[in-house]
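Everything below concerns the one structure shown next.
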Amino acid sequence: MLLNTRETYGLVAQLLHWVTAGLILTLLPLGLYMEGLPQGSAEAVLQKSWWYSLHKTLGVLLFLVALVRVAWALVQPHPRPLNAERTLESLAAQSVHWMLYGAILCMPLTGWLHHSASEGFAPIWWPFFQDLPLVPKNPQLAGIFGTAHVFTGILLGLALALHVAGALKHAVIDRDSTLRRMIPGRYHAAAANPTASPVEPRFARLPAVLAALSFLVVGVATLTDFSIKRTNGGADIVITNGAEASSAGWTLDKQKSRLDIQIIQMGNPVAGSFEKWDAVVNFDPDNIETASLEVQVDVGSISLGGVSEQAKGVNFLNAAMHPIANFVSESFVHSGEHSYAADGQLSLAGHRQPLALPFMLRIENGRAYVEAELTIERLAFGIGEKGFTDDGQLGFGVLVKVILEAERAAPGAE
């Protein structure tokens with residue numbers, strides 16, 4: 001029997017149920033396992049990438065199977081619960097079913113959305129495609145989807161635990177045929193309950209509403225987590241200009257200032273940024289001999305697509321041992337109209353090297369606009385020198401781009 005009846009599930013629903021269960025019981029422990037894998041060496045990073053690709057590919061497969069399963073459940077009759085006369089128990093069982101349906105869709109979908117909004121690290125394998133339409137590459141958006149993936153995973157684990165507990169109760173305590181109805185060839189209504197009179201469940205929409213409330217909690221938790229991380233990020237910078245500014249100098253427009261980087265991973269660009277950094281700039285275009293610049297960057301605040309955690313590792317930025325990157329200028333030169341260069345020393349990942357920082361400066365209508373772009377040779381700072389000496393695997397040059405916009409403070413401001 002392929003189709004459902006009001007007494008039992010058909011073969012199609014049974015197979016979809018067990019395939020879905022197998023994928024979930026594979027993906028949940030796999031996700032925990034791969035998160036804990038080390039990533040200090042090139043071999044470890046490649047191995048971790050392989051497990052992530054496996055997880056993502058199985059996740060996409062789960063989403064597609066879940067789509068078919070939920071669609072099939074919506075068009076097929078649902079068998080009557082064998083305990084419909086137990087009102088609260090029946091309500092709980094139906095609510096958990098709706099929670100499961102939502103979670104088996106949302107958990108893999110948020111993971112796929114996170115992958116689509118991220119750049120780099122662990123591709124989804126053939127035959128599935130990498131990116132979803134209308135999802136831009138955006139670190140903040142990827143962060144939201146990543147958090148939602150974690151929370152929906154927790155919700156799925158909770159719903160699955162309740163579902164399994166209910167099935168065990170039916171099998172061990174109630175000793176009824178609820179579990180056997182989902183096993184192909186094991187259930188026959190008349191033989192299982194020869195004297196039972198069918199009872200229809202009392203609830204229509206309430207279980208779905210209760211399940212929807214759990215997803216509302218997940219949505220609120222995701223947005224709250226994002227807001228907290230956004231509040232804790234950012235840079236505090238003041239640019240002082242002795243020639244044109246008041247004693248209070250220039251105040252950074254944080255919404256329009258960025259510290260971005262781009263790497264080349266396996267021939268593909270991966271863009272990112274640092275969320276926490278600070279700079280003190282004293283600069284007078286008419287008196288550059290007195291100019292000075294010091295920049296400090298919290299390297300642990302890096303957001304670099306799917307390789308953010310790897311970038312912080314001991315073989316790369318080594319954020320645990322060297323949490324701050326520091327650039328201190330030694331001299332400035334005027335290289336052209338609106339263009340300058342700051343020569344100094346960059347300390348990064350436990351290494352110190354001379355560095356020339358070219359930048360463009362415009363001052364218009366009381367606002368200062370600064371743009372700087374340079375390429376840093378990562379091997380000069382020991383980044384990836386163990387296992388990543390091939391430019392085709394990880395590009396030697398790291399593009400750094402700084403955009404600052406500041407407004408001149410009012411005279412007499414503090």
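Shown in residue order for the range 346-357 are the 3J(HN,Hα) couplings computed by the Karplus curve 6.51 cos²θ - 1.76 cosθ + 1.60 at θ = phi - 60°: 10, 9, 8, 6, x, 10, 10, 9, x, 8, 9, 10 Hz (x for Gly and Pro). Straight-line cross-link partners of Lys137 among the lysines, defined as a Cα under 26 Å from its Cα and at least 8 positions apart when in the same chain: Lys48, Lys56, Lys229, Lys254, Lys256, Lys276, Lys312, Lys401.
Taking Cα centre as origin and charging only the Cβ of basic (Lys, Arg, +1) and acidic (Asp, Glu, -1) residues, the dipole magnitude of the range 235-408 rounds to 480 debye.
Using the 10 angstrom Cβ neighbour count as an exposure proxy, how do Ile124, Ile363, Ile324 rank, fewest first? Neighbour counts put them in this order, fewest first: Ile324, Ile363, Ile124. For the chain, a crude dipole built from +1 on the beta carbon of Lys and Arg and -1 on the beta carbon of Asp and Glu, taken about the Cα centre, is about 2760 debye to the nearest 20.
Which distance in Å, rounded to a whole number, links the C-alpha centroids of the range 4-39 and the range 257-289? Using only Cα atoms, the two centres lie 45 Å from each other. Ordering Glu43, Glu275 by the number of other Cβ atoms within 10 Å of each residue's own Cβ, fewest first, gives Glu43, Glu275.
In the range 235-408, a dipole from Cβ-located charges (positive for Lys and Arg, negative for Asp and Glu) runs towards its positive end, and of Leu348, Leu317, Val333 it is Leu317 whose Cα lies farthest in that direction. Think of the chain as having a plus end and a minus end, set by charges on the Cβ of Lys, Arg, Asp and Glu; of Ile183, Leu259, Thr222, Ile183 sits farthest toward the positive end of this dipole.
Here's how it looks for Ala341: its modeled amide H is under 5 Å from those of Val333, Ser335, Phe359, which are all 5 or more places away or on a different chain. Proximity of backbone amide H atoms, modeled 1.01 Å from N, is registered between Leu355 and Gly344, Gln345, Leu346 at under 5 Å, excluding neighbours fewer than 5 places apart on the same chain.
Ordering Ile376, Val280, Gly59 by Cα displacement along the dipole of the chain toward the positive end leaves Gly59 in first place; charges were set at the Cβ atoms of Lys, Arg (+1) and Asp, Glu (-1). Proximity of backbone amide H atoms, modeled 1.01 Å from N, is registered between Asp253 and Glu405, Ala406, Glu407 at under 5 Å, excluding neighbours fewer than 5 places apart on the same chain.
Sorting 60-71, 174-185 by average packing, meaning the other beta carbons within 10 Å per residue, from highest down gives 60-71, 174-185.
Tell me the label only: which of (i) 5, 23, 31, 21, 13, 6, 1; (ii) 4, 18, 22, 18, 14, 11, 7, 4, 2, 0; (iii) 5, 25, 35, 24, 9, 2, 0 is P(r) over Cα pairs in 10 Å bins from 0, in percent as calculated from this structure? Evaluating P(r) over Cα pairs in 10 Å bins from 0, in percent on these atoms matches (ii). Karplus-derived 3J(HN,Hα) values for the range 3-18, using 6.51 cos²θ - 1.76 cosθ + 1.60 with θ = phi - 60°, are 9, 6, 10, 6, 10, 7, 7, x, 4, 4, 4, 5, 5, 4, 4, 6 Hz; glycine and proline are entered as x. For the chain, modelled as a GNM whose springs connect Cα atoms under 10 angstrom apart, the maximal fluctuation among Val400, Val75, Val12 occurs at Val75. Other residues whose C-beta falls under 14 angstrom from the C-beta of Gln76 contribute a net charge of +3, scoring Lys and Arg +1 and Asp and Glu -1.
Residues in the range 28-36 carry Karplus couplings, in order, of 4, x, 5, x, 5, 5, 5, 4, x Hz; the curve used is 6.51 cos²θ - 1.76 cosθ + 1.60 with θ = phi - 60°, and Gly or Pro positions show x.
Every number here is computed from the coordinates shown, using simple stated rules; none is lab data. In this text, all values refer to a predicted model and were calculated from it rather than measured experimentally. Cβ atoms come from the backbone with ideal geometry, glycine included; neighbour counts cover every protein chain shown.
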